[in-house]
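Peer 1: Have a look at the structure that comes next, please.
Just so you know, all these numbers are worked out from the coordinates, no wet-lab data involved. Quick caveat, the model's predicted, so the values are computed rather than measured. Note that each Cβ is placed from the backbone with ideal geometry, even for glycine, and that neighbours are counted across all protein chains shown.
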Amino acid sequence: MKRNAYQNLLDWKNSSRRKPLIIKGARQVGKTWLIYNFAENEYENHIYISFKDNPEAIDIFSGIMDTKVLLERITIISGEKITAGKTLIIFDEIQDYPNAVSSLKFFNENANENHIISAGSLLGTYLAKQTSFPVGKVNILNMYPFTFDEFLYEVDETMYQYYKKVKGLHDYLPALHERMLDLYCKYLIIGGMPECVKSWSENKDPAEILSIQKELVTIYEHDFSKYNSKIPAEKILHLFRNIIPQLAKEKGEKFSYKGLKPGARGKDYQGAIEWLITSGLVLKVDNVTAPRYPLNAYNQSSVFKLFLLDVGLTKYMAGLVNESIILDGDFSFKGQLNENFVLQQLAPQLTFLPNYYSFDRDKEINFIIQNKSGDIVPIEVKSGKNKRATSFKSYIANYHPQTAIRLSSNGYVKDGMITNIPLYFASKLMELI
C-alpha cells in the first residue's frame, strides 16, 4: 500500500523542529501499518512497544521520568540497541497510560536526538481531556482513511499515473472522464478504510466489502463503552446512529438536537459530539456568519453539520445498495453522499476543516474554504450533471469571489466565473486551485 502520509513522516524525520510525533486518527485507518512501513524503510532498526499487547510495558515508565533511565529500560526490555537518529522508537496504544504520554515531554527536552512516534486508537480523546498535556513538546499528524488518489494507486495504476499528472485544466483528458467516473462510483461503495481497499484490490468481492464495513461499525460502537467512562455510552451510540438521518434532512438544515429526541438540548449531547470528533469518527463542519477573511473569525460553532469519517461507511449506514450508485441512480441521499466524499478528500489537505455558509434563509454553499493567499473560495457539490445552481450564482453575484469551484460529474471546464472540476479530483483540489 502507498499512503500520502508517508511523505509527512519523511518531512518529520528530516525537520529541524522535529519532536516526538503523535499520530492521531480513528481506529483502523492504518496508523500502525504506516509506522511499521516507515520504520522498515527509513531506519536501521526500530523498537515497537504496544501497551495493548504488552501491558507490562507500562512498568518502564513507573515512578521515573529520567530519559536516560527510560532509554536504558527500553533497550533492556526490547533487546535492541538504541542509536540516536538510526533507531525509531514506537509507542502504540499509548492513550491509556498517562506516564507514557507525559514522557514525550521529557524526551523532547532532554533526549530529542532520539526519534519517537506514538499512536493509539483513541489518542485524540485522551489529548482532548488532558489539560496538562505538554503543548509545544510534540509534533502531531492527523491520519485519515484512503483518499481517492490513494485508492487509485491500489486498484488502477494507469489511472493513478494520469491522476498525478493533472496539474490544471491543460492536463485534463476528456477521453478518460467516464472511466474516472466509474472508479469514483466504486470508491463511493468501497470507501477508504484500508481493509476495504485491500479487499477490493485483491478479491473484487462486494459482499466481503459489506461484511468488513459492518464489522468496522460494530467495532466503533463497541468502543463507545469500552474506551469511555464519563459520557453515557448510549448517548454516543444514539448520536452516532443519528448522523445519517440528520444528513438526510432538507438542504440547508443544520444539525438539530431535537432530531435526536423531543426536548433534547445541546448540553445533553455536547460531550458525545466532542467524543466522536476527537475519536476521529466524525467530521464537524461549522457554519460561518460571513464569507470573509479570516474565515475562522466568523466561525459559528453552534451551527454545524456532522459527517462520518468515510464515505463507504456512510453508504453502508445509509443502507444504500451498490446498484443505485454504480448505475448512477437518482436517489434522495445522493447529494449528501457526494458531500461526505468531498469533505473526506478535503480534510487531509487543509489545516482547518472547511465551513459551510447559509444565507437568505434557503440558500447554502456546501463548503467554503480559505486558500493560502487568504482568498475565500466557495465550493458547490453537485450530485449530477445539472448545472442549475441558484444559491451558487447568487453567492457569486453578491460576493464576487476570485475563485468559485463546482465539483460535479461534468468534465473539467471553465464556465464563466465558475470552474467545474470533476468530483474525482477533490483529493487534489488545493493543488488545482
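Peer 1: Which listed residue (116, 153, 300) has the Cα farthest towards the positive end of the charge dipole for the chain, taking +1 on Lys and Arg C-beta and -1 on Asp and Glu C-beta about the Cα centre?
Peer 2: Positive-end residue among those listed: 300.
Peer 1: Hey, another quick one. Sequence-distant or interchain residues sharing an amide H contact under 5 Å with residue 304, placed H: which?
Peer 2: Sorted by chain and number, the residues that satisfy this are 255, 287.
Peer 1: In addition: Using the Karplus curve 6.51 cos²θ - 1.76 cosθ + 1.60 with θ = phi - 60°, work out ³J(HN,Hα) for each residue of the stretch 81-92 in order, rounded to whole Hz, and write x for Gly and Pro.
Peer 2: Working through the residues one at a time gives 6, 9, 10, 4, x, 10, 10, 9, 9, 10, 10, 10 Hz.
Peer 1: May I pose another question? Assuming 0.36 nm per residue, please report the length gained on full extension of the stretch residue 37 to residue 402 beyond their Cα-Cα distance.
Peer 2: 127.2 nm
Peer 1: Among 344, 399, 378, which residue has its Cα furthest toward the positive end of the charge dipole of the stretch 277-408, with +1 on Lys/Arg Cβ and -1 on Asp/Glu Cβ?
Peer 2: Of the candidates, 399 comes out farthest on the positive side.
Peer 1: Given the peptides 144-155, 348-359, arrange them by the average over their residues of other C-beta atoms within 10 Å, most packed first.
Peer 2: Order by mean packing, descending: 144-155, 348-359.
Peer 1: How much length is gained on full extension from residue 256 to residue 69, taking 0.36 nm per residue of separation minus their Cα-Cα distance?
Peer 2: Here the answer is 62.1 nm.
Peer 1: Among 161, 345, 370, whose mean-square fluctuation peaks in a Gaussian network model of the chain (Cα, cutoff 10 Å)?
Peer 2: Residue with maximal mean-square fluctuation among 161, 345, 370: 161.
Peer 1: For the stretch 312-320, in order, what is each residue's ³J(HN,Hα) by Karplus, 6.51 cos²θ - 1.76 cosθ + 1.60 with θ = phi - 60°, in whole Hz (x at glycine and Pro)?
Peer 2: x, 5, 4, 4, 5, 6, 7, x, 6
Peer 1: Still on this structure, I have one more. Per Stokes-Einstein, at 4 °C and 1.567 mPa s, what whole-number D in µm² s⁻¹ belongs to the chain, with the Kirkwood radius over Cα pairs as the hydrodynamic radius?
Peer 2: 56
Peer 1: Ok, one more. Over all alpha-carbon pairs in the stretch 316-366, figure out the percentage whose distance exceeds 16 Å.
Peer 2: Distances greater than 16 Å cover 55 percent of the Cα pairs.
Peer 1: Can I ask one more? Tell me the label-point distance for the pair residue 83, residue 14, using the 7 Å Cα-to-Cβ offset, in nm and rounded to one decimal.
Peer 2: 2.0
Peer 1: Among the DSSP beta bridges whose two residues both lie in the stretch 337-433, what percent are antiparallel, rounded to the nearest 5?
Peer 2: Percent antiparallel among DSSP bridges in the stretch 337-433 is about 60.
Peer 1: Rounded to whole Å, give me the distance from the Cα center of the stretch 249-288 to that of the stretch 55-93.
Peer 2: One Cα centre to the other: 41 Å.
Peer 1: Give me, ordered by chain and number, the residues 5 or more places off residue 47 or on other chains with an amide H under 5 Å from its own placed amide H.
Peer 2: Amide H to amide H, under 5 Å and 5 or more residues apart or across chains, residue 47 pairs with 88, 89, 90.
Peer 1: Same structure again: Between the stretch 196-242 and the stretch 399-433, what is the separation of their alpha carbon centroids in Å?
Peer 2: Cα centroid of the stretch 196-242 versus Cα centroid of the stretch 399-433: 33 Å apart.
Peer 1: For residue 86, go through the aspartates and glutamates and keep the ones whose alpha-carbon is under 20 Å away, minus same-chain ones fewer than eight residues off.
Peer 2: 11, 40, 42, 44, 72, 109, 113
Peer 1: Then there is this: Would you please put 34-43, 58-67 in order of how densely packed they are, using the mean number of other Cβ atoms within 10 angstrom per residue and starting with the highest?
Peer 2: Most protected by this proxy first, the peptides run 34-43, 58-67.
Peer 1: Next question. List every residue whose amide H lies under 5 Å from the amide H of residue 21, counting only residues 5 or more places away in sequence or on a different chain, with H placed 1.01 Å from N in the peptide plane.
Peer 2: Answer set, sorted by chain and number: 116, 117, 118, 139.
Peer 1: Still on this structure: Enumerate the calculated ³J(HN,Hα) couplings along the stretch 176-188 in order (Karplus 6.51 cos²θ - 1.76 cosθ + 1.60, θ = phi - 60°), each rounded to whole Hz, writing x wherever the residue is Gly or Pro.
Peer 2: 9, 4, 5, 5, 5, 5, 5, 5, 4, 4, 4, 5, 4
Peer 1: Can you give me the convex hull volume of the Cα atoms of the stretch 12-69, divided per residue and expressed in Å³?
Peer 2: 142
Peer 1: With axes computed from alpha carbons, what is the tilt in degrees of helix 98-110 against the longest principal axis of the chain, rounded to the nearest 10 within 0 to 90?
Peer 2: 80
Peer 1: Cut-off 10 angstrom, C-alpha nodes, Gaussian network model of the chain. Which of 14, 242, 410 fluctuates the most?
Peer 2: 14
Peer 1: Hey, with R₀ at 30 Å, roughly what FRET efficiency would residue 362 and residue 248 work out to, going by the Cβ-Cβ distance, to 0.05?
Peer 2: Efficiency for this residue pair is about 0.95.
Peer 1: Same structure, new question: Please tell me which of these pairs span more than 30 angstrom C-alpha to C-alpha: 214/284; 105/305; 137/235?
Peer 2: Too far apart for the 30 Å limit: 105/305; 137/235.
Peer 1: Hey, what's the Cα Rg ratio for the stretch 178-263 versus the globular rule of thumb, 2.2 N^0.38 Å?
Peer 2: 1.41
Peer 1: Between 374, 25, 411, where does the largest GNM mean-square fluctuation fall for the chain, given springs only between Cα atoms within less than 10 Å?
Peer 2: Comparing 374, 25, 411 in the GNM, the peak value goes to 374.
Peer 1: Expressed as a whole number of Å, what is the distance separating the alpha-carbon centroids of the stretch 307-359 and the stretch 143-194?
Peer 2: The stretch 143-194 and the stretch 307-359 have Cα centres spaced 16 Å from each other.
Peer 1: Express in nm, to one decimal, how much length is gained between residue 198 and residue 330 on full extension, taking 0.36 nm for each residue of separation and deducting their alpha carbon distance.
Peer 2: 44.6 nm
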